[in-house]
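The values are calculated or read from the model by the stated rules, or taken from the named source; none is laboratory data. For clarity, every value in this text was computed on a predicted model and none was experimentally measured. With ideal geometry, Cβ positions are generated from the backbone for all residues, glycine too; neighbour counts draw on all protein chains shown.
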Amino acid sequence: MTSPKIDPPKVDAPKPDPIDLAVFQSAVHSIAEEMGAALRRTALSPNIKERRDYSCAIFDSAARVIAMGDHMPVHLGSMPMSVQAAVNAIDFAPGDIAILNDPYAGGTHLPDITMVLPVFLSGADRPAFYVSNRAHHADVGGAFPGSMGPAREIYQEGIRIPPVRIVRSGQLDRDILDLILLNVRTPQEREGDLESQIGACRVGEQRMLELAARYGNQKMHALIDEILNYSERLVRAELRKMPAGSFTAEDWMDDDGVTDTPHKIAVELQFNPEGASLRVDFTGSSPQVAGSINAVRAITLSACFYMLRCLLAEDAPATAGILRPLTLHTTPGTIVDALPPAPVAGGNVETSQRIVDVLLCALAQAVPERVPAASAGTMSNLTIGGIDPRTGTPFTYYETTAGGMGARPSLDGISGVQTHMTNSLNTPIEALEYAYPLRLRRYGYRRGSGGAGQFRGGDGLIREIELLADAQVTLLAERRKFRPYGLEGGEEGGAGRAWTITSRRPATSDGTEEAELPGKCTRMLSKGEILHLETPGGGGWGRPLT
Amino acid sequence: MRVAIDTGGTFTDCVYLAGGELRVLKIFSTPADPSLAVIHALARIEAGSELQVRHGTTVGTNTMLERKGARVAFVTTAGFEDTIAIGRQARSRLYDWFAPAPVCLVPLELRFGVPERVSAEGEILRLPTEEELAALADQIRAAPPEVSPEAIAISLLFSFANPETERRVEAALRPLGLPISTSHRILPEFREYERASTTVVNAYLAPGMGSYLSHLEQRVSQQHRGGRVEVMQSSGGIIPARLAALEPVRTILSGPAGGVIGACQVARWAGFDRIGFERIIGIDMGGTSTDVFLAASASGGPQRTGESIVAGVPVSVPMLDIHTIGAGGGSIARFDAGNMLRVGPESAGADPGPICFGRGRRPTVTDANLLLGRLDPDTFLGGSVHLDRHRAERVMREGKGPLPTAEDFAAGILRVVETNMEKAIRIISVERGHDPRQFTLVAFGGGGPLHACSLARALRIPTVLVPAMPGALSAVGILLADAVRDYSRTVMLPGENIDQLESIFFDLELHTVEEFSAEGLEGIADRSLDLRYRRQGYELNIPYDPRSPKHSIEAFHHLHQQRYGFSDPRRPVEIVNLRLRMSSPAEPYSPPFSQPEPGDAASAFYSERDIFFEREFMASRLYRRDKLVPGDTIHGPAMITEYTSATVLPPGCSARVDGYGNLILTIAEETA
């Protein structure tokens, strides 16, 4: 499917000098960061204000991403699609803000709600830029509190919002907001978070207007073109260094939460150093599945974007130019390019990580000295929802727990750290317990879970949460059967696991009962029960020294 | 008498007022015991009794940078011993597969858990028993000698909500005889990792700083009857040494904070705040490190931050926003394994010092400057230190690696170190969306003026200000800083209670006025509130006026709209913290001003010498700064030498002396 493209305005400005370009790149990047800071500092839900589960980005008039805050890599390739979807659906006027979350129209999974604000320069009838932010809401309705449960259809995953205007000419559309809020479990928190997103868009708008005033329209367009070209040049320079040829890899998802059948993700990387280009082909990946681990194409594109971005130096800009040398082939109706009404909650958080694992496994064959072994490969998503006895109102808690990083050629993997497609922080225990009827019992390293090797994989984490109220607990995790791979003779990382601990005779330490939990499940647990979660370790690199 | 003494890696600067004039003395630092130089300086200026020594110390910073702090035992709630290492679970570099593991100051063997728990509401759910506390003490005592702890940091979950358990644990560990830092005193705020990290840093610094400061104060009071010592805090205010010894985490950026205050003050005097805004970038290059900062806000100076990372470790007490890199005059140059030239962060310091000082064996930035003619051996420190050019040349020739000549080596060293400094300035300007071209570079420290023009060129900064006494500006800032004490109380009240804060403020103020008057100070109280919408995670600091408290709420909505793009007067507001900043202003001082008269600096000219610029040596004129008069203008290639520093002026650049004796440099773009 191709979207109608808007041609960027043609301008003949002198080529910007390197200092101008560096200043401009940093300025737009810092605007994206500032939007993120505004969002974090004003949001209500711990997942946004403490864990920073959001992304902010700046786009040019043709909806090409020109800057993205250092937030969540899984949003790299998918936010541009949100902006494009909004542009396609809405004839924007000044003061409008679009909202959307439909994975089949610019979204990734329903909890990620995206806002898009077109920036109009004074007197212009078309936007000169778009600023956008996306935040993961701890509940968007549906069958399971937290909206990350083992659904069979997207309709069970929560409210679906096509690109619509939540703000029209500067006025909040209360009808749209009320419609959304009526469909979620924690409407007050959602309203506060959505208001923060609107505010963050406006911060971005204000800063972009200031920037445009400083540079002037013509110079700004020249800078934008140059920044996109610059990203492209950087990627092409790397691709020229790659060995010519085709490299393939495959790995498996444990199951889809509905049946026990594993599902394959297969990739072929074709490097063409002469043309400085790369073709990525996911032919051979499983057809889309009944459970929620389907990834829409935007996610697969994000994973490719992420891999390319990692080949560049840390300070290179993440712009649309990075994707220019890339040809991506996916088959519609597969697990890496899902079609409606497949459920997709886990595609964004679980399958995305496996896609990266597969891409890196293939890349390691091309440039073994540049690629780490597999990291945890799961975000170990935990959602808990119920009624908070302290207030009598519903709560929904969402958190991902880090695992071990894969060992690097020359370095051990880091223990207990977010890898690849996510980089959300943990919820401080002191924020978590203030906000939810939960109590942390334990939070520490899972020693020995990193894969052995010349360089060891990082260890996973252990987290134990006691429920202070009856609640529905949903787990969405991977790497139980198929463990994170090692490279060059390094061993696999330890598999993830989880169980509940129920006290049969209170006040004694040995009178407890443990019940193993599958990777993807939902359970009604009672007050006093404890959830014990262990995340996978990273794979090792190189044969262990004996 | 009030004397400011700022210890640097190489020099110790001493600044004081005598007869309405600022005087400066610069002597070598004594790194093994920095207090020796302080005492020595006081003797040299013949400081009498009733002496007030204001100290800027690098003991804290250096300890962090060199990782030479105490072995810290970390005590936390059982089950959470690893949290000090896990941190926030996020990686610092998003797209770097080869990022090193994050720093944790507490080794695995020294993380201890105590069975206890406090709830989010501050209720004690479980107290450790006497036996458990005794067992904890035994465990800490039993640590193998090679890791045996030298300090203890206690940070329990929810200690900010109820400090009782921390107090008990502290009491139980007292008998171990180690300095103890407790989180409820150091940073009584939520977010356990940041609080614990800040507490650990305090413990890490405490033994060294404690003994240093008490030793210093003892000697000062012995030799100067009634003498007392005060210390510059990272937040830009002065506190008594006694407090600094207990909370050394507040002094990590002690000297640099003085530089910020000094630079902002000088920029104001020089008229760089015409529209009420300073737009300065400061660069302070000393012997071991370079500090950079940016002030673009209203004339109060640069922003403070409560989210600093110092040498890779989060420190959440408020500080001025200063970025430090390990590049100074004493930074050692070496070729790394790949034969790439590296400069710093290791420094030759004062001992052995650069090669040209006569003892060092490893090439430094200072040696490179000397070889390239950018230091005048005859006038360096008024001629009191002889710079041995031949020695430097000989040793550098031996160590020049693959480069053809010692001069090429020297030029390479300068290029590398200047690139590092340029990058540091980019981080605080360009990367935060500020265009350096709209700023004035205030260059100070012994090395700042040497490198200012080429940095300004690289960053397209049009104007550089080299203050009078650039080598002692931090000390000037310390001398002129206010004595400041910050107090806060967490209240967590609904916004409707805004009218009922008076008694709490009154209590807080009573206590602080007592503390201040005990030190013979008269303070001005500045009251403010940290407000947020209910359930937000961050607050905005809003001034509080007792005559119209409700105004704070209106101001909050207004600021929230301005800063975050929305506000909602109907939404409930929460009063999180009450803040009281007591400050006692330093005696006012205005520098003498003389009307500039156009001149050509002829009377300051004293010699000619070849100086290396960009690609070649060029005949350059040398001027003595102390002979320059306001209005004199000098054109590059030239060098202006003075007691503490030298300003190098490349061809195309010019320097003008303003009415306060500052050099205002105009930077020409490099000729192709």
Cβ contacts < 9 Å: first residue in contact (Cβ under 8 Å) with a residue 24 or more places away in the chain and not assigned by TED's automatic domain parsing to the domain that holds A:R160, restricted to the stretch A:101-128; second residue assigned to a loop (DSSP other than H, G, I, E, B) and surrounded by fewer than 24 Cβ atoms within 10 Å (Cβ to Cβ), any location; separation 6+ or different chain. Result?
none
I'd like to check something: does the stretch B:460-468 contain any residue that is within 14 Å of another protein chain (Cβ to nearest Cβ), among the basic types (K, R), in contact (Cβ under 8 Å) with a residue 24 or more places away in the chain and part of a helix (DSSP H, G or I)?
no
Residue satisfying condition, being surrounded by fewer than 17 Cβ atoms within 10 Å (Cβ to Cβ), over 21 Å from the mean Cα position of the chain (by Cα), under 26 Å from B:G236 (Cα atoms) and of a type outside the set (A, V, I, L, M, F, W, C), within set B:T405, B:T490
B:T490
List the strands (runs of 3 or more DSSP E) that sit entirely inside the stretch B:521-602 and contain at least 3 residues that are surrounded by fewer than 16 Cβ atoms within 10 Å (Cβ to Cβ).
B:524-533
Scanning the stretch A:440-490 residue by residue, those in contact with a Pro (Cβ under 6 Å, 6 or more places away or on another chain) and over 30 Å from A:E369 (Cβ atoms) turn out to be A:L468, A:A469, A:Q472
Quick one: in the stretch A:147-165, which of the residues that are touching a Pro at 6+ places or on another chain (Cβ under 8 Å) and in a loop (DSSP other than H, G, I, E, B) is surrounded by the fewest Cβ atoms within 10 Å (Cβ to Cβ)?
A:E153
The one condition B:N420 fails out of (1) surrounded by fewer than 24 Cβ atoms within 10 Å (Cβ to Cβ); (2) under 23 Å from the mean Cα position of the chain (by Cα); (3) within 14 Å of chain A (Cβ to nearest Cβ); (4) not small (G, A, S) is (3)
Got a sec? Which of B:T61, B:T12 is surrounded by 20 or more Cβ atoms within 10 Å (Cβ to Cβ), of a type in the set (S, T, Y) and not in a helix (DSSP H, G or I)?
B:T12
The residue from B:L105, B:L127 that alone is surrounded by fewer than 22 Cβ atoms within 10 Å (Cβ to Cβ), out of contact with any His (no Cβ under 9 Å at 6 or more places or on another chain), more than 12 Å from chain A (Cβ to nearest Cβ) and in contact (Cβ under 8 Å) with a residue 24 or more places away in the chain is B:L127
Where residues in the stretch A:427-441 are facing another protein chain (nearest Cβ under 7 Å) and not charged (D, E, K, R), which of them is farthest from B:T83 (Cα to Cα)?
A:Y434
Being within 15 Å of the chain's Cα centre (by Cα), of a type outside the set (S, T, N, Q) and part of a loop (DSSP other than H, G, I, E, B) is the requirement here; does A:L425 meet it?
yes
Please verify whether the stretch A:444-455 includes one or more residues that are surrounded by fewer than 24 Cβ atoms within 10 Å (Cβ to Cβ), part of a strand (DSSP E or B) and either within 10 Å of chain B (Cβ to nearest Cβ) or of a type outside the set (S, T, N, Q) (or both).
yes
Report yes if some residue within the stretch B:64-78 is within 14 Å of another protein chain (Cβ to nearest Cβ), of a type in the set (A, V, I, L, M) and free of Cβ contacts under 8 Å to residues at least 60 places away in the same chain; otherwise report no.
yes
Restricting to the stretch A:522-546, name every residue that is assigned to a strand (DSSP E or B) and not charged (D, E, K, R).
A:T522, A:M524, A:L525, A:I530, A:L531, A:H532, A:L533, A:W541
With the condition kept exactly as written, say whether any residue in the stretch A:500-508 is surrounded by fewer than 24 Cβ atoms within 10 Å (Cβ to Cβ) and closer than 26 Å to A:D254 by Cα.
yes
Do the conditions hold for B:V395, that is, is it part of a helix (DSSP H, G or I), more than 14 Å from chain A (Cβ to nearest Cβ), closer than 29 Å to A:F24 by Cβ and modelled with pLDDT of 85 or more?
no
When only residues in the stretch B:83-99 that are in a loop (DSSP other than H, G, I, E, B) and more than 7 Å from chain A (Cβ to nearest Cβ) count, which is surrounded by the most Cβ atoms within 10 Å (Cβ to Cβ)?
B:G87
Within the group B:P207, B:P175, which residue is under 29 Å from the mean Cα position of the chain (by Cα), more than 18 Å from B:G122 (Cα to Cα) and either assigned to a helix (DSSP H, G or I) or not acidic (D, E) (or both)?
B:P207
In the list A:V116, A:V131, A:V87, which residue meets the criterion of being crowded, with 24+ Cβ neighbours inside 10 Å, part of a strand (DSSP E or B) and out of contact with any Ser or Thr (no Cβ under 8 Å at 6 or more places or on another chain)?
A:V131
If a residue must be more than 15 Å from the chain's Cα centre (by Cα) and among the polar types (S, T, N, Q), how many such residues does the stretch B:221-250 contain?
3
I'd like the full set of residues that are surrounded by 21 or more Cβ atoms within 10 Å (Cβ to Cβ) and away from chain B (no Cβ under 12 Å), limited to the stretch A:456-481.
A:G457, A:L467, A:A471, A:V473, A:T474, A:L475, A:L476, A:A477, A:E478, A:R479
With respect to A:E369, determine if the residue is within 11 Å of chain B (Cβ to nearest Cβ), free of Cβ contacts under 8 Å to residues at least 40 places away in the same chain and either of a type in the set (S, T, Y) or assigned to a helix (DSSP H, G or I) (or both).
no
Being within 30 Å of A:Y398 (Cβ to Cβ) and either at pLDDT 85 or above or among the hydrophobic types (A, V, I, L, M, F, W, C) (or both) is true for just one of A:A13, A:A67. Which residue is that?
A:A67
Scan the stretch B:134-156 and give yes if some residue there is buried (at least 21 other Cβ atoms within 10 Å of the Cβ), assigned to a loop (DSSP other than H, G, I, E, B), away from chain A (no Cβ under 12 Å) and touching a strand residue (DSSP E or B) at 6+ places or on another chain (Cβ under 9 Å), otherwise no.
yes
The correct count of residues that are in contact with a His (Cβ under 9 Å, 6 or more places away or on another chain) and either over 21 Å from B:I667 (Cα atoms) or assigned to a loop (DSSP other than H, G, I, E, B) (or both) in the stretch B:398-427 is 1
